[in-house]
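Every read-out reported here was derived from the displayed coordinates using simple, explicitly stated rules and does not represent laboratory data. Keep in mind the model is a prediction, meaning the values are calculated, not measured. Glycine gets a Cβ as well: all are built from the backbone with ideal geometry, and neighbour counts include every protein chain shown.
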Ligand SMILES: Nc1ncnc2c1ncn2[C@@H]1O[C@H](COP(=O)(O)OP(=O)(O)OP(=O)(O)O)[C@@H](O)[C@H]1O
Ligand SMILES: [Mg+2]
C-alpha cells in the first residue's frame, strides 16, 4: 500500500466566471475515511465539490485522484474513474421512476452491477421503502425517500469516493438518522466519503476528520473528536483563523 | 361515404406528417431544442435523393439505403458542431442558430437546384392503388403510414427501454445531474439528433415520391411537424403520431368543405387544441 491519498486538492482555486469563490483549498482523503466539510451558507462548499467533480473549470494539477492529476475532467468521466456525488437538492430525474433513476447510474457505472460492492437488492435492503416504490415516478416520493434514491443512485456508480452535499437538509431527524446510519456501511467497502454538512454536531460525530471553510478558505482542520466546539465556532464564523 | 373517404385520406396524409414530426418529437419534445432548420434539412435530403436518382442504378426505395446514412451523418454533425455549442436551459440560442442555418440552407439549395419543383421519377409503387368498397387507396401512402407506425413504435420503445433512451431522458430532465451520473450529454445528444435527422431522411425520400419539393418548402414541413408535436404533447412520441393524424384528418376534411380550406383547417385545429389543452393530447399530468 502506498500512502497516496485517494483524492486530494492542491491550492484549488475556482468560481463562476469572473467571480472567485475558492482561494487555494488543500484537502485530502484516504480510502475508507469520512471527512466532513463544514461552513456557513455561501462559504464555497458546493463550489468545491463541483470543482473536484469536473462541473466547474479548474487546472489539471489542482485535483489528484489516486495520485493522477484529473482536474477539469468532465463529470461523466470522473464517474468512470470512481467518483460519485449526491448533489445539493438531490437533482433526481423528474418524469422517471425510482427504478429508472437507479438504472441511469447502473448503465454508466465504473463497474457493472454485481461486480462492484453495490446492487439494487442491497440498497433496497437498506432502504426498504424504495423497493416498495420502485415503479413510482420520482416526484411521488417524500423528500427523505428522494434523498435515499439520490444516495442509492450515487452508490450504484460504484464509487471509490463519494461526495455528499448536505444530505440532511430539510429532513426529519428520524430520516436523517436512517440515512447517516448507512455511512459506516459505505466506508466498510473502502469508499471514501466527503461529507458537506451544515449541522456541525452531526458532521463531527459522523466523520474521522473535519475541515471548516470560510469565504473560500480552509480555516480549521483536524481529527473531528479532537477539535473543540470553541475552535469550530471561531473557524466557522471567522472570529479568529485557527489552523490546526 | 365522402366523409369516410376524407378521414381515410387524412389518416394517410397524417402518416407523412408523422414522419416529419418524429424527429421533431425527439429534438423539440424530449431535448427541448428548437430546430428551425428541420424542414429545410428534409428538403435538402429530398433534393439530394432526386439528384442521386438520376445517377444511381437502383430503384426509388433503394434510395433510402443511401439517403438515411447521409441524413444520420448530417444530424450528427449538426448536433456536434452547432447545437451542442448552444444547448442549455435557454432555448433561444438554439432557435437563433438554427434560424440562421435555415436561411443559409435555403439559399444554398436555391443556388444548387434553382427554385424549380422536383420529384422522384414515377414508379410503380407511387402510382399503384387498390380499392376498398368504393374508396380508392394509394399503395404509397399506405406504405408511408405503416412505416410511420413502425418508426413511432420503435422510437418509443428505444426511449423507454434502451440504455440510450434512459440516458437521453435523464440528460433532457437535468443535463448536469445526468453528467454526474455518468451520462455524456453531448454524445447522447449527437446520437439523438442523428436518429432524428435519419428519420427525416426516410421522410425525404417518401415526400419526393409522393409529391414535388422545392427549396422553399421547408417552412411548411417545419410548421406541420411543430403542430403535430404540440397537439400530441411534448415528450410523447405516440403523441406526435396522434398529432400528425389529427392534422392530416383536419386538412382532408377542410379540403372537402372547400378546396382552399384544407391547410387552414389544420392550423385552426392546432389553435383549438392549444387553447383548450395546451399541454397536448397525450401529455402526462404534472
Ligand atoms: N451558479 C453560480 N453563479 C455565480 N455565483 C455562485 C453560483 N453558485 C454559487 N455562487 C457563489 O459562490 C459562493 C459559494 O457558494 P456555494 O454554493 O459554494 O456555497 P455553500 O458553502 O455550498 O453554501 P450553502 O451552505 O448555502 O449551500 C457564494 O458567494 C455564492 O453566491
Ligand atoms: Mg451548498
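Explain nothing, just the number: relative contact order of region A:88-236, from Cα pairs under 8 Å at least 6 residues apart, as a whole percent. Numbers along the way, then the final one.
Numbers: 176 pairs, mean separation 30.2, N = 149.
Relative contact order comes out at 20 percent.
Kirkwood radius for the protein assembly as shown, taken over all pairs of different Cα atoms as the inverse mean of 1/r, rounds to 25.9 Å.
When the alpha-carbon atoms of region A:36-93 are used, the pair Rg, Dmax equals 11.9, 33 angstrom.
The angle between the Cα long axis of helix B:262-276 and the main principal axis of chain B comes to about 40°, on a 0 to 90 degree scale. With N counted as the residues of region B:20-104, its alpha-carbon radius of gyration over 2.2 N^0.38 Å works out to 1.21. For region B:1-149, the mean projected area of the C-alpha convex hull, equal to one quarter of the hull surface, is 10.8 nm². In chain B, the longest principal axis of the Cα atoms and the axis of helix B:237-257 are about 30 degrees apart. Each peptide among B:191-199, B:248-256, B:56-64, A:52-60 gets the average number of other Cβ atoms lying within 10 Å of its residues, and from highest to lowest they stand as B:191-199, B:248-256, A:52-60, B:56-64. Hydrodynamic estimate: the Kirkwood radius of region B:114-204 over Cα pairs, inserted into Stokes-Einstein at 4 °C and 1.567 mPa s, corresponds to D of 79 µm²/s.
Given the Cα atoms of chain A, and with Rh set as the inverse mean 1/r over their pairs in the Kirkwood sense, what is Rg to Rh to two decimals?
Values: Rg = 17.4 Å, Rh = 18.2 Å.
Checking Rg against Rh, the ratio lands at 0.96.
Using just the alpha carbons, could you tell me how many Å³ per residue the convex hull of chain B encloses? Could you put the intermediate results ahead of the total?
Numbers: hull volume 38.6 nm³, N = 286.
It is 135 Å³ per residue.
Size of region A:1-112 from its Cα atoms: along the principal axes, largest to smallest, the extents are 40, 38, 23 Å.
DSSP beta bridges in the protein assembly as shown, what fraction antiparallel, as a percent rounded to 5? Before the final figure, lay out the partial values.
On the way: 25 of 43 bridges.
Restricted to the protein assembly as shown, the bridges split so that about 60 percent are antiparallel.
All alpha carbon pair distances within region B:157-286 were sorted into 10 Å bins beginning at 0; the resulting P(r) in whole percents reads 12, 32, 33, 18, 5, 1. For the segment A:92-104, counting C-beta atoms of other chains within 10 Å of every residue's C-beta and taking the mean gives 5.
Using mean Cβ contacts within 10 Å as the protection proxy, how do A:207-215, B:272-280 order, highest first?
Details: A:207-215: 22.2, B:272-280: 13.4.
Those peptides, ordered most packed to least, come out A:207-215, B:272-280.
Peptide B:163-169 has a mean of 4 when you count, residue by residue, the C-beta atoms of other protein chains within 10 Å of its C-beta.
Helix B:2-24: angle to the longest alpha-carbon principal axis of chain B, degrees 0 to 90, nearest 10? So the inclination is approximately 30 degrees.
Can you give me the Kirkwood hydrodynamic radius for region A:55-174, using every pair of distinct Cα atoms, in Å to one decimal? Evaluated on region A:55-174, it is 15.0 Å.
What is the average number of partner chain Cβ atoms found within 10 Å of a Cβ in A:76-87? Numbers along the way, then the final one.
Values: counts 12, 3, 3, 6, 2, 0, 0, 1, 3, 3, 1, 5.
Average neighbour count from other chains, rounded to a whole number: 3.
When every alpha-carbon pair in region B:198-266 is counted, what percent end up more than 19 Å apart? The share of Cα pairs beyond 19 Å in region B:198-266 comes to 41 percent.
Counting only the Cα atoms, region B:16-62 fills a convex hull of 79 Å³ per residue. Relative to the compact-globule estimate of 2.2 N^0.38 Å, the Cα radius of gyration of region B:163-235 comes out at 1.41. Taking all Cα pairs closer than 8 Å and separated by 6 or more residues, the relative contact order of region B:2-276 comes to 40 percent.
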